[in-house]
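What follows is one structure encoded as structure tokens, with my remarks underneath.
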There are 2 protein chains.
Amino acid sequence: MLSNIRIVLVQTFHPGNIGASARAMKTMGLSDLVLVNPRRFPDPEASRLAAGAEDLVDNARVVESLANATNDCVQVVGASARLRSLPLPHFDEPDVMARDLVSHATSDPVALVFGRERFGLTNDEIRCCSHQVSIPANPDYSILNLAQAVQVLAHEVFTAWRRRPHNDYRPAIPAEDRPPTREQLGHFQVHLSQVMQRSGFINQPHARTEAQLEALFARARPSRKELSLLRGLLGSLEQHLPGE
Amino acid sequence: MLSNIRIVLVQTFHPGNIGASARAMKTMGLSDLVLVNPRRFPDPEASRLAAGAEDLVDNARVVESLANATNDCVQVVGASARLRSLPLPHFDEPDVMARDLVSHATSDPVALVFGRERFGLTNDEIRCCSHQVSIPANPDYSILNLAQAVQVLAHEVFTAWRRRPHNDYRPAIPAEDRPPTREQLGHFQVHLSQVMQRSGFINQPHARTEAQLEALFARARPSRKELSLLRGLLGSLEQHLPGE
């Protein structure tokens, strides 16, 4: 289950932070590290700061986009100190987030995403996320070093994992009732967007309206089956629309 | 109350760890940093890693011994990855420790003590502590970087502080019922030791027996008044003993 929990670092500036993050991960039983466009990697600083966790650094996947890093995940939590204006479900408390993440990780891959040291995550990257989490801190000095933030959230995840219910009874959830992957959700959003435009509801690409409706559907947490139904509905509607 | 919580770093080897620890402290509302015999301090690395927390580094007290750093504290929690053979009360869970520490910090100074990067705390330093805490970690790779350990425990302390009961009712505890300082406890232990030797119970300085009885009395958590009573008893016994 811990192996289902991926740590994604987006465009990390200091290679040392990659190494220190790997060390933080390994102390807390995590091993799946993915780097999105790291500024400098591989780099001796990453290996040096990793101490005994170089295996995580050596095995880290490097990808071009956050979507690539999280397509197979059913839950993607963005760690962001700065609130964005998107209505993304937000965990104020890391331990509450960790319990939720660990419960999803029982069956499917999930991810915790950390942004750039200075700039955090962009709005587009936040849109790759299903949730946001912030680490409550001193209002006068609230930004943790990147690797420290990884350590704190990894610690909360490990705590939640250690304290998870141990009973044998786990109701069998049919695949169709499980959450969709980010990729499946993405396909639905594209389909919805096309229908909104072809119907004339959106005259021109109107990012805010689209984003709000996307967030609404995401908050509804459709199962895979429900997503199928929605796509079936969109398909039926499309037949009556002009264009394409 | 947070200002009653002191972070003590013992013989830190890397100045960078001092700076990174200061940053970790400040994000979590802590400001009282004391350094026991740091290997190299002041040092540019400490200021550099402190980022915006140089004020904590600049205001850090430097002392010669752990006792000096904690004499005025009613609770001293040693963060130790390696269990020692002393029967010191031990917190297995950082959040449980943090709630206890925060409750004591309402009225009196308390301290969280971190040892050397490689060697942790010596047995003598553990004896300066009232409790131990360990951070549960991957059994195959369980040693957190020093500043990371400070960050994790500071985060748990800040969480406990945020979640503390907010009701106005706080039963007034008379001074005599409050816990003694480490210094007062130390005086009692010296007195007890003298009586043990003068009575012939201990023929020669027998560190293990003394340590075990010291730990027993510490575990009993005598209030200041009870400590007074014990010292009064020792005084009465002494009158009948040979020597001195």
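Some points to look at:
- Residues located in the stretch A:19-46, provided they are within 22 Å of B:Ile135 (Cα to Cα) and touching a Phe, Trp or Tyr at 6+ places or on another chain (Cβ under 7 Å): A:Lys26, A:Thr27, A:Met28, A:Gly29
- Hits in the stretch A:157-179 (condition: at pLDDT 90 or above and buried (at least 18 other Cβ atoms within 10 Å of the Cβ)): A:Val157, A:Phe158, A:Thr159, A:Ala160, A:Trp161
Table: residues versus (1) open to solvent by 20 Å² or more (accessible area, probe 1.4 Å); (2) outside the structural domain of A:Ala105 (by TED's automatic domain parsing); (3) farther than 19 Å from A:Ser103 by Cα.
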{"position": "A:His14", "(1), (2), (3)": "yes, no, yes"}
{"position": "A:Arg23", "(1), (2), (3)": "yes, no, yes"}
{"position": "A:Met28", "(1), (2), (3)": "no, no, no"}
{"position": "A:Val34", "(1), (2), (3)": "no, no, yes"}
{"position": "A:Val57", "(1), (2), (3)": "no, no, yes"}
{"position": "A:Asp72", "(1), (2), (3)": "yes, no, no"}
{"position": "A:Val76", "(1), (2), (3)": "no, no, no"}
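- In the stretch A:11-21, of all residues being part of a loop (DSSP other than H, G, I, E, B) and within 14 Å of chain B (Cβ to nearest Cβ), the one that is farthest from A:Ala69 (Cα to Cα) corresponds to A:His14.
- Set A:Val195, A:Val190: member being β-branched (Val, Ile, Thr), over 30 Å from B:Gly19 (Cβ atoms) and open to solvent by 80 Å² or more (accessible area, probe 1.4 Å): A:Val190
- Verdict on A:Ala160 being farther than 25 Å from B:Ser3 by Cα and within 14 Å of chain B (Cβ to nearest Cβ): yes
- Of the set (1) touching a residue at least 12 places away in the same chain (Cβ under 8 Å); (2) open to solvent by less than 20 Å² (accessible area, probe 1.4 Å), all apply to A:Ile202 but (1).
- Pairs are defined by a Cβ separation below 9 Å, a sequence spacing of at least 6 or placement on different chains, a first member in the stretch B:22-45 that is within 15 Å of B:Leu2 (Cβ to Cβ), and a second member that is open to solvent by 60 Å² or more (accessible area, probe 1.4 Å) and of a type in the set (Ser, Thr, Tyr); the pairs so defined are B:Met25/B:Ser31; B:Gly29/B:Ser3; B:Leu30/B:Ser3; B:Ser31/B:Ser3; B:Asp32/B:Ser3.
- Here B:Arg182 meets each of (1) in contact (Cβ under 8 Å) with a residue 60 or more places away in the chain; (2) open to solvent by less than 20 Å² (accessible area, probe 1.4 Å) with one exception, condition (2).
- Enumeration of residues in the stretch A:46-55 that are touching a Gly at 6+ places or on another chain (Cβ under 7 Å), buried (at least 20 other Cβ atoms within 10 Å of the Cβ) and within 14 Å of chain B (Cβ to nearest Cβ): A:Leu49, A:Ala50
- Test: residue in the stretch A:37-45 that is within 14 Å of another protein chain (Cβ to nearest Cβ), in contact with a Gly (Cβ under 6 Å, 6 or more places away or on another chain) and within 24 Å of B:Ala20 (Cα to Cα): yes
- Counting only residues that are loosely packed, with under 12 Cβ neighbours inside 10 Å and of a type in the set (A, V, I, L, M, F, W, C), the stretch B:208-228 holds 2 of them.
- Scanning the stretch B:96-133 for residues that are within 14 Å of chain A (Cβ to nearest Cβ) and open to solvent by 30 Å² or more (accessible area, probe 1.4 Å) yields B:Val96, B:Arg99, B:Glu117, B:Arg118.
The values are calculated or read from the model by the stated rules, or taken from the named source; none is laboratory data. In this text the structure is predicted, and so the values were computed from the model without any measurement. Positions of Cβ are generated from backbone atoms using ideal geometry, with glycine treated the same way; all protein chains shown enter the neighbour counts. Each accessible area value is taken on the protein alone, full model and side chains, heavy atoms only, with ligands, DNA and RNA left out. Shrake-Rupley method; radii C 1.70, N 1.55, O 1.52, S 1.80 Å.
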